[in-house]
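A short reminder: the numbers here are calculations on the coordinates, not readings from a lab. Everything numeric in this text was worked out from a predicted model, so none of it was measured. Glycine also receives a Cβ, built like all others from the backbone with ideal geometry; neighbour counts cover every protein chain displayed.
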Amino acid sequence: MISEANNLIPWKYTCLILLFWGIAKKETQAQALSLYDLTCEYQQNPIGIDKVSPRFSWKIKTNGRDIRQTAYELRVASDESELKKGSVWQSGKVATELSVLVPFGGGELKSKTRYFWQVRVWDNKGNISPWSEVNFWETALGTSDWKAKWIQLKQAGADHSNPSPQFRKAFELKHAIKKARLYITSHGLYEAYINGQRIGEAYFTPGWTSYHKRLQYQVYDVAKQLKKGDNAIGVLLGDGWFKGNLMGGKHYYGHDLSLLAQLEIELENGEKINILSDGTWKSTTDGPIRMADNYNGETYDARMEQAHWAIADFKEANWTTVQVNDTLGYEQLLTSPAPMVTAQESIKPRKILTTPKGEKVIDFGQNLVGWVQLEAEGKKGDSVIFYHAEVLDKEGNFYTENLRSAKQKVAYVFKGEGLERYHPRFSFQGFRYVKVEGAKETINLNNIKAVVLHSDMAQTGSFNTSDSLLNQLQHNILWGQKGNFLDVPTDCPQRDERLGWTGDAQAFFNTAAYNMNVAGFFMKWLQDVKADQFSNGAIPHVVPYYWKTEEGGSAGWSDVATIIPWNFYRLYGDKGILEQQYTSMAKWIQFMVDNSTDDLWNRGFHFGDWLFYIPNDDRDGRAAITDKYLIAQCFFGHSVQLMINTAAVLGKKEDVDRYEQLLQKVKTAFLREYVTPSGRLVSSSQTAYVLALQFDMLPENLRTQAAERLADNIRSYDNHLTTGFLGTPYLCHVLSRFGHEDLAYTLLMQRTYPSWLYPVLKGATTIWERWDGIKADGSFQNKDMNSFNHYAYGAIGDWMYQQIAGIQALSDMPGYKEFVIAPRPGGGLSFANASLETVYGKIVSNWKITGNEMEIRVDVPPNTRAKIVFPHAVKNSVKEAKGLAVDGSSTMVGSGNYTFRFRLQEDVK
Ligand code: RAM
């Protein structure tokens, strides 16, 4: 018999084992839930945040299915060691699914202070994440913190921009450095150095804004560049947008380059030292940058370099004292959520060729924006000159006529001291080809490369299919975005224009937000849209605005005021952007009301369906021309609808009612003026039908018929589109919505002009401004307006992600908190793989068709839900790899990875 006492021992062990197993299990569960990609105001560990209540976001990592956050806890301290106590703020455990843009809820923040923060979350399966890594944000300067003075060259007032001025100041630090920040901005562009080292990696700082109302400054941690002993700071200035060429003129913002720099240093002994731009700084214009201009290029004479100009031990003998300008204040200064422009990648030449004219030309194989970087040896005084162009003409010669007056000429004069390395600083070029003149023999395939520059936005989307032409189209769309997202969204990056055309930006926004994280970029630009809005409510045609006369108010251009904020909210879940833009949106609506007669917006200048296809034969009444006021009325309706949506999100009930009444009137007036009783539009163009349908301007009973007319029109053009900037973004969406998906695919896959693939087959590596930038016979369109890097028609990307890959956002669950995966195969594609990094994490939608079976693989990020719609599925044939039951042609799933297979009803072509 076993004694009782003996019997107890294994029982005790069992308990202990169970206890440890329990703890261990809990821990593995807890570890399975973790947080990553923590951001404050869309940035990771930003320094220089103006916002009084900055917002925090995090993403959740876990392996399980259907995981949602049920609560979070945030803690903030100004000293890392006090984070556990949350000495500045503790949110406590807040029961909510909110994990995006959670506002700081503590008291008033001090300026110039680093705050540390951490977060942990609970999920719906009983897990708690560990506390996240410690992150921080640092507050910016308050207006009263500015002590530095604006300084300029002594002879300010004269046009002395060329050569580029240099400024410097030497100083001594008696102790080691504990902390140092440089707060800096300029009129014109700046590049700063401390003890000979370049500060930061950004170019074209302080960026382009509506300078007199909003001027950005940057904040740099410069502790590492400083040292105990003798130090110096040096700053180079360039004309940039402030006073350089801007479409047909110069000096739009001012005549004088100016600098404002405040270097705040804390020494190890506790002493605080400020090095401020003031009357003690020295300057010279005798530097190597002899000329620099955004459009025209740069001339750099390396023989003029003053070695060591930005270190302490330098003879300032020939430098002059600067002049302080007390009239320039600090009120308009601010920091920015926008990513700065940096060098993103470099491209090696594909080949060097000799053209029929005998020109030596380097082909980089990609139309890009940036500059050439040279690393070569040359004889002192020898110069090498680079001209930049997008295309060769049909004979194969270097073609620059479409650049209009922009010279895009970069000249470098060797100093003859061994290997010399150079790239421009205050000028960027749009090019694929570079013609070399001067000491041509110094250049070979190995000592030159092209550096690609754009705002530093993470790529969020990927899109790839079984069709290589379509993939090239996606490539071209992406490169159009890279080339035209250089601090502001521009129409083109090469000719003497490069402006923030509002119509182009609104047309492309949705596509842009698939390809890259454009939140900070557009948050900044929308502030300029608002700042530059005219007092009558019109939005200028270009932002930042600089023309002397007020030019704005065109339908489809000024509607940027409503279209981008609303879509920004939809795609990033950012209610703050709606709050930020609300008054501007309302003012824009009021402008349309004020310019209407009997609810018809029938006044003013309009660009219309810009650059639509113009047929040169008789089209039997189905012309491509669309009445500009018909277009205006459609956009009026659309903007008012977006205003209603916005007012609803912001809980402004009265405004919702008011705008709903207005919308009714706008639609009634539309019907009265532009639609026959049987639903025929006065303009029989594709764009007219597209806009009327997309914006719900027609009553439901007329829509199907109208869509038929649109389809008919397309067929009458042998399945070609005829739309311009305003109709094109919505064309395929409307076709899909009204059951003409096959026609949408036919248009997308169309290879002959006008179509998206026509330029691809002509060798395009970016999107063109015109459908026929290069005509079938190889000749060019009108040289006065023929950009080969213009993103507007790239707006088809939105349809490609939404319909081919099926990734669709939902307005009532913004930011992809809940979304749809509804791929619509067609166009002969056998597979499509796409992904999108959202504010919650990565969505994946990959599908393939083998025989009559389709497989869809989806990733749904934690804390989100998705509706998966199975196209053309045979009833009850859908099976999920891990056995999830699917009933019907769609299913709702929580987070996780899923693979669905099903039989197709018929062959999908
Ligand atoms: C040209 C460009 C630009 C367009 C304006 C109206 O400057 O094509 O993209 O928006 O015209």
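Only the Cβ atoms of Lys and Arg (+1) and of Asp and Glu (-1) were treated as charged; on that basis the dipole of the stretch 94-201 about its Cα centre amounts to roughly 620 debye. Each peptide in 273-279, 215-221 receives the mean, over its residues, of other Cβ atoms within 10 Å, and ordering these scores from highest gives 215-221, 273-279.
Looking at the stretch 554-590, none of the trypsin sites (Lys or Arg not before Pro) sits in a DSSP loop with at most 10 other Cβ atoms within 10 Å of its own Cβ. Counting charges near L419 (Lys, Arg +1; Asp, Glu -1) among other residues having Cβ under 10 Å from its Cβ returns a value of -3. Taking the fewest neighbouring Cβ atoms within 10 Å as the starting point, the ordered list for V543, V682 is V682, V543.
Normalising by residue count, the chain has a Cα convex hull of 218 Å³ per residue. Over the stretch 757-909, Cα pairs under 8 Å with separation of 6+ residues give a relative contact order of 17 percent. Neighbours of P206 by Cβ distance under 12 Å: Lys/Arg scored +1, Asp/Glu scored -1, total 0. Using only Cα atoms, locate the centre of the stretch 584-615 and the centre of the stretch 38-81, then give the distance between them in Å, rounded to an integer. With the stretch 584-615 and the stretch 38-81 each reduced to a Cα centre, they are spaced 42 Å. Computed over every Cα-Cα pair of the stretch 125-277 and binned at 10 Å starting from 0, the pair-distance distribution P(r) comes out as 10, 36, 30, 14, 6, 3, 1, 0 percent. Only helices enter this figure: runs of n ≥ 4 DSSP H residues, each worth -39500 (n - 2.57), summed and divided by the residues of the chain, yield -7500 deg cm²/dmol at 222 nm to the nearest 500. Pairs over the 23 Å Cα-Cα cut-off, from the set K407/K524; K154/K179; K282/K524; K357/K407: K407/K524; K154/K179; K282/K524.
Net charge of the neighbourhood of L267, taken over other residues with C-beta under 14 Å away and scored Lys/Arg +1, Asp/Glu -1, is +2. When the chain is described by a simple charge dipole with +1 on each Lys and Arg Cβ and -1 on each Asp and Glu Cβ, the residue from N162, I177, S468 located farthest towards its positive end is I177. Could you check how many percent of all C-alpha pairs in the stretch 408-553 are farther apart than 19 Å? Cα-Cα pairs of the stretch 408-553 separated by over 19 Å account for 63 percent. Residues R901, R751 in ascending order of nearby Cβ atoms (within 10 Å, fewest first): R751, R901. Each Lys and Arg Cβ is given +1 and each Asp and Glu Cβ -1; about its Cα centre, the stretch 376-513 then shows a dipole of about 360 debye.
Using only side-chain charges placed at the Cβ, +1 for Lys and Arg and -1 for Asp and Glu, the dipole size of the chain relative to its Cα centre rounds to 1520 debye. Over 30 Å between Cα atoms, which of K110/K652; K548/K587; K61/K867; K85/K125 qualify? As for pairs spanning more than 30 Å Cα to Cα, those are K110/K652. Exposure proxy shown here: for M516, M247, M592, the number of other Cβ atoms within 10 Å sets the order, fewest to most, as M247, M516, M592.
With contacts taken as Cα pairs under 8 Å at a separation of at least 6 residues, the stretch 434-587 carries a relative contact order of 19 percent. Ordering Y545, W610, I589 by Cα displacement along the dipole of the stretch 538-615 toward the positive end leaves Y545 in first place; charges were set at the Cβ atoms of Lys, Arg (+1) and Asp, Glu (-1).
Here the contact order of the chain, divided by its residue count and restricted to Cα pairs under 8 Å and six or more residues apart, works out to 10 percent. Toward the positive end of the charge dipole of the stretch 555-697, with +1 on the Cβ of Lys and Arg and -1 on the Cβ of Asp and Glu, the farthest Cα among L663, G576, L681 is that of G576.
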